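The values are calculated or read from the model by the stated rules, or taken from the named source; none is laboratory data. No experiment lies behind these values; they were computed from the predicted model shown. Note: ideal-geometry Cβ built from the backbone for every residue, glycine included; neighbour counts use all protein chains shown.
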Amino acid sequence: MEMCDFSAIMAVIRAYISQDYIQNQVDFLYMLFGSFMAAKENADFDFDNALVCRWMNGTARVSPRITSYYLNKTHRVELQKDVAQHVLPLMYDSARAMEKLYELVIQDIDISDRQKQLLTENYPCANAQEEAVFLTRLLCFAMERNFVKRDSGTKRLLTDGSLSPVAANVIANADVPSPCRFFCGRDKELAILHETLQAKGKVFLAGIAGIGKSELAKAYVKAYRKEYTNMLYLTYAGDLKQDITDLDFLDDFSNDTEAERFRKHHRFLRMLKEDSLLIVDNFNATATQDDFLSVMLGYRCRILFTTRSRLEHYENMELAAISDSTALLHFVARYFPEAPEHETVLEEIIRTVHAHTLAVELAARLLGKGLLSPQELLHKLRTEHVALDAEDKIGITKDGKARKETYYGHIHTLFSLYLLNNTQQSLMRNLSLFPIAGISVRRMAEWLHLRNLNDVDELIEMGFVTPAAGHMIRLHPMMQEIVIADLKPSVKKCKILLTNLQEICLAHGVDVPYFKPLFQTVENIIAYIEKDEPTFFLRFLEDVFPYMEKYQYRPGMERVLFALETAVPNYGTNEDRALLLDYRATMEKNDQKAIKYEKDALALIPEINASNALLVSNLHSNLGGLYANIKQYALASEHMETGLRILEEYQPIPRHDMIAKIASYAMLQNNMKHPEKGFAILEKMAQGLQNNHMEHSGDYAMVLEAMGGICLSQGKIPEGTSYLRQSLALFEKVCGGDTELMERKKQAMIQTYESAGVNLNLWLEA
């Protein structure tokens, strides 16, 4: 029988929502938990798409922060209101849904008769208000009851093996976005695209920027969804292999290496067959620029690339401008109701911009806002065009060579006519640095310290910013190019963004579920921003690197290191040069070479003082870790202890990477039959963290966990249990939203107890 848990309840609710109102899972939870998201104490909370998917399919429990929030009776009333106002009105047969939920409760043999009576006391429901009460009661019960993970064997092939596995059960973030509401004029192209995909399997949909390639791809999915088992979507960010690695799979773990994630994802994608379609949007590269293209083209599934490139020796479908002038006039009228009165002038505007889809849309939105008359706009487009030899034009790649098109000039003119205020210009600069796939609105507001979203909404109305599913927004790639060229984002102009990202990276011990978009933003900053405050930018890079190391994000670490190689010789001190050598050692695979880097780094700092104590301590710690790798334990011990002595003497604020290495060294001492020495090291580290008011961090929890492990290995069960209880409670507080992380922590502690001959399962469930 079905268990009455959060996953089952969500399945019933969404089954009775009309297809006209069905939403992205994240958007749906924003509505359901609206009061929780609106609360000030939850301003730092955001829904991670992968986690939401796990909540929905029953492979992870709902965040403890949400559950504990609704333990409060007042907050339960707020949830009830959200259900009544935002959920029930979407249902086409709420009474039938309540009946199914009632059956779910009654048939669950793990719910006591007394509990069933309490849960169903107002069933059958007489009205919508009673339905809201009933549903709210079930939701709270489901979130609070003991969590039982559902069968994780979801990656099943259909019995005959002729179809692909169901990707929705495996991948959390590959849904295809919906096309523009006013998509039109492409019926012929849709039919040709379908025929070509069926015949050839792999198709490159080519065309200039802004002509509508992405919209056609999304419209194709909407039109032909029933013909495919799976339709997956990813936005090309410059590296196909990395894009595949960055997909969120339900069985991914935060401590998986990049290589492990890639192997897992690649293996699954290779299992997909011709009944599956993969869309790679914005693939603006040539075959020689991305080596993994040839590998991807070996997949058995059908693949649609949207691209500005023209790749020879592959199946290309060239997308031209919409030829149906009537359709374009209807499109303009969606934004400009007076269009029928100005048909002749509008036709001339469309001809002037060569029926370029994005240009037509921006022109229509501009007219709709009443900033110019059609005649005035036509005059501007004819007179304020960009010269044919200008540098700022759309580049179309063919055989590795760029050729220029004039469409950019029209978009540039339309952009300039809006006369954006200073706040809107600042927003556009920052948005140009966010990932091409988009950013959570909530995250953007947090990073930019926005008081409200009025200017963001205005930019959406202008057509410069595109809303996406899951409360995401993004810039069109062409708009990104224009903003970078015209508004020139710089360190000074984007100081708030860089400062906030830097603070996140310095918040040692705090795990965030959004590290990928954070790192992608950093990569864009490195690539596009003007370095008009080089010293600040140098410090920014230095603080970002160890945070990337924490998550083993090596592509970003390589880019940061490359940027530091340029910045340090020009603007760095000896301490900066030493830190650069330390980062080189981190990236070095050969231990002997890495040891030389660390020794050279220490040689640059002959005298220790309060300002460099943390760096020198970290260098000794890292050098000790490298000696331990090659089993030179005497040297490892010497340098690790030197690092600890420096920390004791100068009391700097410890960093996560150093704490992790010292904790590992302490455990090494324990394994070498020196438990007292290992424990003493951890005690000193714990005291240092307390002195720096870091006793509520994940780093402190890690130290407590190691102390508990040493105690258990020595048979000190009550003492070890105390440390592990404290550690688990801290991890729950710091990382409670990451259910996968908490599950791994619990399993690790169970293994620690089992190695000591004690079963911890009952303790963990208490």
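A few points about this structure:
- Residue check, Leu427 free of Cβ contacts under 8 Å to residues at least 40 places away in the same chain, surrounded by 18 or more Cβ atoms within 10 Å (Cβ to Cβ) and in a loop (DSSP other than H, G, I, E, B): no
- Test for Arg554: is it out of contact with any Asp or Glu (no Cβ under 7 Å at 6 or more places or on another chain) and either among the basic types (Lys, Arg) or under 22 Å from Asp256 (Cα atoms) (or both): no
- The set of residues in segment 567-612 being of a type in the set (Val, Ile, Thr) and closer than 20 Å to Tyr650 by Cα consists of Ile605, Ile608.
- Complete set of residues in segment 705-724 that are crowded, with 18+ Cβ neighbours inside 10 Å and among the hydrophobic types (A, V, I, L, M, F, W, C): Ala706, Met707, Ile710, Cys711, Leu712, Leu724
- Residue in segment 636-652 that is crowded, with 20+ Cβ neighbours inside 10 Å, touching a residue at least 60 places away in the same chain (Cβ under 8 Å) and not in a helix (DSSP H, G or I) present: no
- For segment 569-584, residues that are at pLDDT 95 or above, buried (at least 18 other Cβ atoms within 10 Å of the Cβ) and not aromatic (Phe, Trp, Tyr) total 7.
- Tabulated pairs, segment 676-701, first acidic (Asp, Glu), second surrounded by 15 or more Cβ atoms within 10 Å (Cβ to Cβ), C-beta under 7 angstrom, 6+ apart or interchain: Glu695/Leu689; Asp699/His508; Asp699/Gly509; Asp699/His656; Asp699/Ile659; Asp699/Leu689
- Test: Ile605 is part of a loop (DSSP other than H, G, I, E, B), at negative phi and in contact (Cβ under 8 Å) with a residue 12 or more places away in the chain: yes
- Which numbered condition Asp246 misses (of (1) touching a strand residue (DSSP E or B) at 6+ places or on another chain (Cβ under 9 Å); (2) surrounded by fewer than 20 Cβ atoms within 10 Å (Cβ to Cβ); (3) among the acidic types (Asp, Glu)): (2)
- For segment 736-748, a residue qualifies if it is touching a Leu at 6+ places or on another chain (Cβ under 8 Å) and modelled with pLDDT of 65 or more, and the qualifying residues are Lys745, Lys746.
Conditions (1) hydrophobic (A, V, I, L, M, F, W, C); (2) under 30 Å from Asn452 (Cβ atoms); (3) crowded, with 17+ Cβ neighbours inside 10 Å, marked per residue:
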site	(1), (2), (3)
Val52	yes, yes, yes
Ala60	yes, no, yes
Asn72	no, yes, no
Ala84	yes, yes, yes
Met91	yes, no, yes
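- Helices (runs of 4 or more DSSP H) lying entirely in segment 273-353 (those with 3 or more residues that are assigned by TED's automatic domain parsing to the domain that holds Ala206 and under 32 Å from the mean Cα position of the chain (by Cα)): 293-296
- Scope segment 28-44; condition over 13 Å from Tyr69 (Cα atoms) and over 21 Å from the mean Cα position of the chain (by Cα); matching residues: Leu32
- Scope segment 176-218; condition assigned to a loop (DSSP other than H, G, I, E, B), among the charged types (D, E, K, R) and crowded, with 20+ Cβ neighbours inside 10 Å; matching residues: Arg186
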